[in-house]
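Here is the structure we will look at.
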Amino acid sequence: MTIRHMRIFLEVYRMENITQAAKNLHMTQPAVTRAVQEIERHYGVMLFDRMNRRLFVTEAGRQFYAQALHIVESFDRMEKGLLNGDAFGVLRIGASISLGNFFLPGLVSAFRKSWPDMKVKVTISNAGNLQSGLLNNELDLALIEGGISEAELETRAFSEDRMVLILPVGHELAAREKVFVEDLKGYDFLAREKGSVGRTLLDHVFAVRGITLEPLWESASTQAIIKGVQEGIGVSILPEMLVEREISEGRICAREVEDEAFRRVHYVVWHRNKFLTEGAVGFLEMAVEWGRRKGR
């Protein structure tokens, strides 16, 4: 059993497809198949069930994945540390759009003052992509709003925020004494794309009330949604921190929703089998401290 075998298995596990894994690894399909079979023979287990030309990971495969990921990562860190000190000092951070805009820049700036030799590589994306990045060892840590769906990920809360209903200036809902979730059914809705934490929360809130959310617009750009609301195209619910300026300048208006708080907890997230370096732990602790100070 070699590191090469583990690398091949990890790629097959991620792709759930021998052909695609072989392409990514620049190997032939038979060579990839042979490597997986050698692991299975070595341990006397089945890592994948093969049905209708598809791969389905077994429980043994999931257990092997967790261990192989840790071993390969540890080996890579040793290699980089011995061969290239600069590459060893890279911290890969992910953040959701809201936290990437308002929380992460100041945090990274403060972190670099304490860790001047550490390079911080940042990816801003939605929660689904960030969780995939952590599972595939493409990220070391991620800052994500709301709940985490993957059991292999560990979390630590560091702050919270809320989402608010935003409306075009002069909208009829703005004149109502109270607004409830049910009142939003008859209006065109502009929403974030599926996979984002905000969209997942909205889908859940509407679903528990028996309402199907069918947005007129779906966008990964919060600014596009804000502009659409400003132009009277529809209404939306977005993180308060992203719309404070437009509200204060009178370009859109906001209302409380009486029967839903739309509050979200922010988490630092990492893979449970991930070896966190001293720098990664330092970044995690700094994020928690920053969140505590901002919440005062």
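The values are calculated or read from the model by the stated rules, or taken from the named source; none is laboratory data. Computed from a prediction, not measured in an experiment: that's the story for all the values here. Neighbour counts are summed over all protein chains in view; Cβ atoms, including those assigned to glycine, are modelled from backbone coordinates with ideal geometry.
So, restricting to helices (runs of 4 or more DSSP H) that lie completely within segment 9-112, which ones have at least 2 residues that are farther than 30 Å from S196 by Cβ? Walk me through how you get there before you give the answer.
On the way: elements: 18-25, 29-43, 59-83, 85-88, 97-102.
The qualifying helices (runs of 4 or more DSSP H) are 18-25, 29-43, 59-83, 85-88.
Would you be able to say whether some residue in segment 180-190 is out of contact with any Leu (no Cβ under 7 Å at 6 or more places or on another chain) and in a strand (DSSP E or B)?
no
Does E231 satisfy being farther than 26 Å from V208 by Cβ, assigned by TED's automatic domain parsing to the domain that holds E193 and touching a strand residue (DSSP E or B) at 6+ places or on another chain (Cβ under 6 Å)?
Criteria not met by E231.
Determine if segment 129-147 includes at least one residue that is acidic (D, E) and farther than 30 Å from V257 by Cβ.
yes
Would you call A35 farther than 30 Å from E278 by Cα, under 30 Å from the mean Cα position of the chain (by Cα) and surrounded by 13 or more Cβ atoms within 10 Å (Cβ to Cβ)? Can you show your working first?
Details: farther than 30 Å from E278 by Cα: yes; under 30 Å from the mean Cα position of the chain (by Cα): no; surrounded by 13 or more Cβ atoms within 10 Å (Cβ to Cβ): yes.
Spelling it out, it is not the case that A35 is farther than 30 Å from E278 by Cα, under 30 Å from the mean Cα position of the chain (by Cα) and surrounded by 13 or more Cβ atoms within 10 Å (Cβ to Cβ).
In segment 218-258, what residues are farther than 30 Å from V288 by Cα and assigned to a loop (DSSP other than H, G, I, E, B)?
Across segment 218-258, the qualifying residues are E231, G232, I233, G234, E249, G250, R251, E258.
If you go through segment 177-196, how many residues are exposed (fewer than 15 other Cβ atoms within 10 Å of the Cβ), within 16 Å of A254 (Cα to Cα) and without any contact (Cβ under 8 Å) to a residue 24 or more places away in the chain?
The number of residues fulfilling the criteria is 1.
Quickly run through segment 44-65 and pick out the residues that are at negative phi, out of contact with any strand residue (DSSP E or B) (no Cβ under 8 Å at 6 or more places or on another chain) and at pLDDT 90 or above.
Result: V45, M46, E59, A60, R62, Q63, F64.
I'm trying to understand the selection: among the residues of segment 66-95, which are touching a Phe, Trp or Tyr at 6+ places or on another chain (Cβ under 8 Å) and either within 15 Å of L135 (Cβ to Cβ) or at pLDDT 75 or above (or both)?
The answer is A68, H70, E73, S74, L91, I93, A95.
Just a yes or no: is a residue in segment 263-275 without any contact (Cβ under 8 Å) to a residue 12 or more places away in the chain and not basic (K, R)? Full working, then the answer.
So in segment 263-275, the residues without any contact (Cβ under 8 Å) to a residue 12 or more places away in the chain come out as none.
No, segment 263-275 contains no residue that is without any contact (Cβ under 8 Å) to a residue 12 or more places away in the chain and not basic (K, R).
All but one of (1) surrounded by fewer than 17 Cβ atoms within 10 Å (Cβ to Cβ); (2) free of Cβ contacts under 8 Å to residues at least 12 places away in the same chain hold for A22; state the number of the condition that does not hold.
Tallying (1) surrounded by fewer than 17 Cβ atoms within 10 Å (Cβ to Cβ); (2) free of Cβ contacts under 8 Å to residues at least 12 places away in the same chain, A22 fails exactly one: (1).
Quick one: count up the residues across segment 148-176 that are in contact (Cβ under 8 Å) with a residue 12 or more places away in the chain, under 28 Å from the mean Cα position of the chain (by Cα) and not in a strand (DSSP E or B).
Count: 4.
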